[in-house]
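K.L.:
Please read through the structure below; I'll follow up with questions.
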Amino acid sequence: MTSLNASVIQLTPSSAAFVANRVNTLGPWTGPGFIRRLHLDGYSLLPSKDLLCQARTYFATLSAEWTPFRRYCYWLVVFVTIISVIKTVQEAAVVWVQNVHDYANPDLARTRVTKAWWQITTSLSTGIVGFIVQSFFCLRFFLLSRNFYIVALIVCFMLLGLTGISLSVGFIVSANVPEKVRWLLIHLIGVFSADLLITTGTLLTLRKQSVGLERTTLLVNRLLRMVFESAIPPTLIALVDLILTQTLDNKRFLWHLLLNFSLGKIYVISLLYTLNCINEYRLFQSSRAQEIFTAGNSNYNMHSLVHISTEVSTHVSPAREAEDGRNHKVKGSLE
């Protein structure tokens, strides 16, 4: 069993004093970096992409009209926001212990990779967050396409990814490096495959719905842009992470964590961005209907107002009976 004793390192008196006071000499450099990562001040280079800002926007624009799906989305946002903050605290703790608490104590620091549960489970927490977010996008794809076969395949890849990271963590504890790397590879293959199927399936399904009236085409094009913007980043990061795990040698293998640490947050931001786009569209349609009602424009009869009201609640009400089937599918991706 690996010794957990402190390292025996001879230091000069000044260096020994520096190490003894490491909370104050190293802490001020490490702590602010993670405070910035939390973005608790509400500012960043990309404020609209910040997780907490996105969550705040979602709750601020949430519709007062509750449906089962909206209730599901509400609690999903609450859960992923909380777990994302906890994960950030976990990552901050790992960096603090490795670079401050265990500074100049490598014999102890190196053992935490396989002994400290809060450090071992960083990849597992990323996998859990990814699985939850993928479940939402898989459900959206099902509501849009009603394709049971593709959805079943996506679910299989999702479960493969979650199983892979769980077993990989187990082999970390047992110090079985080859199996750890093998199941990490299986995990990343499952995650990337699920992301790829969800993204391409959603894009292709939406493209099939884009033929029709101009309003339907504009809405579907808007959905296509939203899917592309929200789904591509986590898919590419999962792909690059997969490539790194297969190309880095043993000495540089842990560099793949650079992407793995970010992947969980990217997943959550992708989810929140999608939901906020839906809320934005709902508010736009609601404002449009209110303006029409207030202006009393004679060009809009009662049938038009009923149609717009329905459009606000379903996001894509059919303007013509011929479009009913197609718009009913699009409804599933926006509801």
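The values are calculated or read from the model by the stated rules, or taken from the named source; none is laboratory data. Treat the numbers as computed from the prediction; the structure is a model and nothing was measured. Methodologically, a virtual Cβ is constructed for each residue, glycine included, from the backbone with ideal geometry; neighbour enumeration extends over all protein chains shown.
K.L.:
Quick one: what pairs do we get from the range 83-94, first residue part of a helix (DSSP H, G or I) and surrounded by 15 or more Cβ atoms within 10 Å (Cβ to Cβ), second aromatic (Phe, Trp, Tyr) and modelled with pLDDT under 80, C-beta under 6 Å, 6+ apart or different chains?
P.N.:
GLU91/PHE261; ALA92/PHE34
K.L.:
Applying the selection to the range 38-55, what residues are over 16 Å from the mean Cα position of the chain (by Cα) and either among the hydrophobic types (A, V, I, L, M, F, W, C) or modelled with pLDDT of 50 or more (or both)?
P.N.:
Listed by number, the residues that qualify are LEU40, LEU45, LEU46.
K.L.:
Further, regarding this structure: Please work out which residue is nearest to LEU271 (Cα to Cα), limiting yourself to the range 133-153 and to residues that are of a type in the set (Val, Ile, Thr) and without any contact (Cβ under 8 Å) to a residue 60 or more places away in the chain.
P.N.:
Top of the filtered list is VAL151.
K.L.:
Tell me yes or no: at least one residue of the range 182-205 is over 27 Å from TRP255 (Cα atoms), touching a Leu at 6+ places or on another chain (Cβ under 6 Å) and in a helix (DSSP H, G or I).
P.N.:
So far as the range 182-205 goes, yes, one or more of its residues are over 27 Å from TRP255 (Cα atoms), touching a Leu at 6+ places or on another chain (Cβ under 6 Å) and in a helix (DSSP H, G or I).
K.L.:
More than 24 Å from ALA92 (Cα to Cα) and either of a type in the set (Phe, Trp, Tyr) or modelled with pLDDT of 90 or more (or both), is that true of GLN134?
P.N.:
Answer is yes for this residue.
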